[in-house]
1. Could you list all residues from the range 96-108 that are more than 13 Å from the chain's Cα centre (by Cα) and on the phi < 0 side of the Ramachandran plot?
2. Of all residues in the range 11-55, which are outside any strand (DSSP E or B) and farther than 17 Å from residue 79 by Cα?
3. If only one of 150, 145, 127 is modelled with pLDDT under 80 and within 20 Å of residue 187 (Cα to Cα), which one is it?
4. Say we look at the range 166-182 and pick out the residues that are within 21 Å of residue 121 (Cα to Cα) and surrounded by fewer than 20 Cβ atoms within 10 Å (Cβ to Cβ); which of these is modelled with the lowest pLDDT?
5. Answer yes or no as to whether residue 156 is out of contact with any strand residue (DSSP E or B) (no Cβ under 9 Å at 6 or more places or on another chain) and either modelled with pLDDT under 80 or in a strand (DSSP E or B) (or both).
6. Considering the range 1-39 alone, what residues qualify as being at pLDDT 85 or above and on the phi > 0 side of the Ramachandran plot?
């Protein structure tokens with residue numbers, strides 16, 4: 001957060017904001033979830049998600065609830081959350097094997113990506129319990145190309161726990177419960193992406 005503060009989440013229900021220089025807590029614990037899985041920060045807003053099936057946004061300066069709690073993914077656990085580059089949308093991933101795009105100001109669902117964001121805001125990447133990685137067109141909600149799959153030499157054998165685009169949008173990194181990390185080249189033919197690591 002602005003290079004001076006850090007946000008941490010806890011499996012024990014809370015968020016804390018830390019001063020990087022002093023190492024001291026400047027806010028928190030901020031409670032409200034059970035088992036916080038992930039946080040995302042945009043400006044002075046901290047979005048968090050939990051296995052209680054909700055996400056919420058708090059103000060990093062006051063600790064006040066800005067939005068939520070919003071029930072997501074049919075009330076199943078929500079284990080991933082991220083802001084769009086401009087902060088206007090939030091994407092979540094959850095226990096219903098879907099990725100969902102939300103309006104960050106109102107909490108209204110914009111689009112559901114069934115079966116599973118790029119730096120330019122036109123694509124979203126998701127990982128799933130089935131071991132696949134998918135790339136989505138945000139405006140249409142359609143999957144771009146085939147899911148990124150395969151055996152250990154080409155993909156993941158177990159559920160994908162984390163995914164991210166590189167800053168230039170040309171690569172995707174994915175991490176799996178099978179203890180592997182894959183780096184995908186997504187600049188070529190959209191029907192077959194190549195694993196490069």
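1. Hits for the range 96-108 are 96, 103, 104, 105, 106, 108.
2. Result: 20, 21, 22, 23, 24, 43, 44.
3. Of 150, 145, 127, the one residue that is modelled with pLDDT under 80 and within 20 Å of residue 187 (Cα to Cα) is 150.
4. Residue satisfying both the conditions and the ranking: 167.
5. In short, no.
6. Residues satisfying the conditions are 23, 28.
The values are calculated or read from the model by the stated rules, or taken from the named source; none is laboratory data. Keep in mind that what you see is a predicted model, and the values were worked out from it rather than measured. Neighbour counts are summed over all protein chains in view; Cβ atoms, including those assigned to glycine, are modelled from backbone coordinates with ideal geometry.
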